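The values are calculated or read from the model by the stated rules, or taken from the named source; none is laboratory data. All values derive from a computational prediction rather than experimental measurement. Neighbour counts run over all protein chains shown; Cβ positions are idealised from the backbone, glycine included. Note: areas computed on protein heavy atoms with side chains; ligands, DNA, RNA excluded. Shrake-Rupley method; radii C 1.70, N 1.55, O 1.52, S 1.80 Å.
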Amino acid sequence: GLLAAAVTFVVLLQLAGHVNRRLLGGTIAAIGCVALFLIVFNLRSTPLAPLRGLPYIGRLGQMTEVDDGTGRVRVLIWQGTEVLLTQHPSIGFSPDPISALRPVIGYGPEAMRLAYNVVYPPELGDIESRNASPDRNHNDLLDHLVETGILGLLAYVCLVVSGFVVAWRAFRATQNFERAAIVVGLVALLVGHLAETQTGIAIISSKLYFWTGLALLTVVSLRPAVL
């Protein structure tokens with residue numbers, strides 16, 4: 001998420017400042033080098049492999065590992081969620097009267113922990129606590145599908161797309177570099193949040209930044225003079 005936000009911020013900020021092409025090209029090249037480093041760092045049997053044991057930076061070399069650790073936990077949770085979404089089994093002690101509608105409307109906010117019990121993969125209990133049922137997918141899009149169904153996911157996607165449309169209008173309406181930098185910072189915030197929540201959990205603090213960013217972009221778009 002941080003990398004995605006930084007890339008967005010640097011590229012858009014340079015475009016807003018009408019910088020020369022050499023500087024922009026150098027920035028893009030630097031971004032490419034970082035991306036190449038991450039790819040090589042996650043390959044097996046490379047000279048960079050020993051660095052995976054280092055604190056903090058070692059996590060960057062575990063992005064593609066799905067056989068153990070948190071990577072395996074995510075895969076198992078997603079497998080259970082696939083069953084939940086495709087077979088939508090009944091939950092509770094009696095048949096679910098609206099089972100067929102679950103893919104469309106979901107199981108309700110904060111209800112994944114209850115619905116997931118019937119599809120809990122046994123292997124997940126060997127990695128995590130056996131009395132703990134996942135309440136998040138470590139993927140915000142899947143969370144929307146489980147909790148609010150296809151309708152909720154479509155509403156969320158429309159919200160995000162609308163946010164970027166508003167951001168583009170605000171970016172074009174700015175009259176100087178300083179104002180454009182504020183818009184670029186808000187766009188980077190949204191990009192970072194969306195990138196992070198594809199493999200992480202959207203907690204209340206990150207959601208607060210997300211909604212605040214959308215609100216500020218809306219104000220800037222409607223009243224550019226406030227900057």
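Of the residues Leu60, Leu84, Leu54, which is touching a Phe, Trp or Tyr at 6+ places or on another chain (Cβ under 8 Å) and modelled with pLDDT under 80? Just a single option satisfies the conditions, and that option is Leu60.
Does Gly213 count as in contact with a Leu (Cβ under 6 Å, 6 or more places away or on another chain) and either farther than 17 Å from Val7 by Cα or outside any helix (DSSP H, G or I) (or both)?
Yes, satisfied.
With respect to Arg44, determine if the residue is over 26 Å from Leu153 (Cβ atoms), open to solvent by 70 Å² or more (accessible area, probe 1.4 Å) and not acidic (Asp, Glu).
yes
For the range 157-202, the set of residues classified as under 19 Å from the mean Cα position of the chain (by Cα) and either part of a loop (DSSP other than H, G, I, E, B) or basic (Lys, Arg) (or both) consists of Thr197, Gln198, Thr199, Gly200, Ile201, Ala202, listed by residue number.
From Ser90, Ser99, grab the single residue that is touching a residue at least 24 places away in the same chain (Cβ under 8 Å) and over 26 Å from Ala202 (Cβ atoms).
Being touching a residue at least 24 places away in the same chain (Cβ under 8 Å) and over 26 Å from Ala202 (Cβ atoms) holds for just one of Ser90, Ser99, which is Ser90.
Candidates in the range 109-140 are the residues that are over 15 Å from the mean Cα position of the chain (by Cα) and either of a type in the set (Lys, Arg) or at pLDDT 95 or above (or both); of these, the one that is nearest to Gly185 (Cα to Cα) is Arg113.
Quick check on Arg74: is it out of contact with any helix residue (DSSP H, G or I) (no Cβ under 9 Å at 6 or more places or on another chain) and either more than 30 Å from Leu151 (Cα to Cα) or open to solvent by less than 60 Å² (accessible area, probe 1.4 Å) (or both)? Yes, satisfied. The residues in the range 141-168 that are modelled with pLDDT of 95 or more and in contact with a Ser or Thr (Cβ under 6 Å, 6 or more places away or on another chain) can be counted, and the count is 0. If I filter the range 164-179 for residues that are open to solvent by less than 60 Å² (accessible area, probe 1.4 Å), in contact (Cβ under 8 Å) with a residue 60 or more places away in the chain, in contact with a Phe, Trp or Tyr (Cβ under 9 Å, 6 or more places away or on another chain) and over 16 Å from Gly1 (Cα atoms), do I get at least one hit? No, the range 164-179 contains no residue that is open to solvent by less than 60 Å² (accessible area, probe 1.4 Å), in contact (Cβ under 8 Å) with a residue 60 or more places away in the chain, in contact with a Phe, Trp or Tyr (Cβ under 9 Å, 6 or more places away or on another chain) and over 16 Å from Gly1 (Cα atoms). Considering every residue within the range 15-25, establish whether at least one is touching a residue at least 60 places away in the same chain (Cβ under 8 Å), assigned to a helix (DSSP H, G or I) and closer than 24 Å to Leu194 by Cβ. For the range 15-25, residues touching a residue at least 60 places away in the same chain (Cβ under 8 Å), assigned to a helix (DSSP H, G or I) and closer than 24 Å to Leu194 by Cβ: present.
Among residues of the range 205-227 that are loosely packed, with under 13 Cβ neighbours inside 10 Å, those with a Cβ under 7 angstrom from a residue that is modelled with pLDDT under 95, sequence gap 6+ or separate chain, pair up as Val226/Val219; Val226/Val220. Out of Glu147, Glu196, one residue alone is open to solvent by 50 Å² or more (accessible area, probe 1.4 Å) and touching a helix residue (DSSP H, G or I) at 6+ places or on another chain (Cβ under 9 Å). It is Glu196. The combined condition, being in contact (Cβ under 8 Å) with a residue 60 or more places away in the chain, among the acidic types (Asp, Glu) and surrounded by 12 or more Cβ atoms within 10 Å (Cβ to Cβ), is fulfilled by Asp140.
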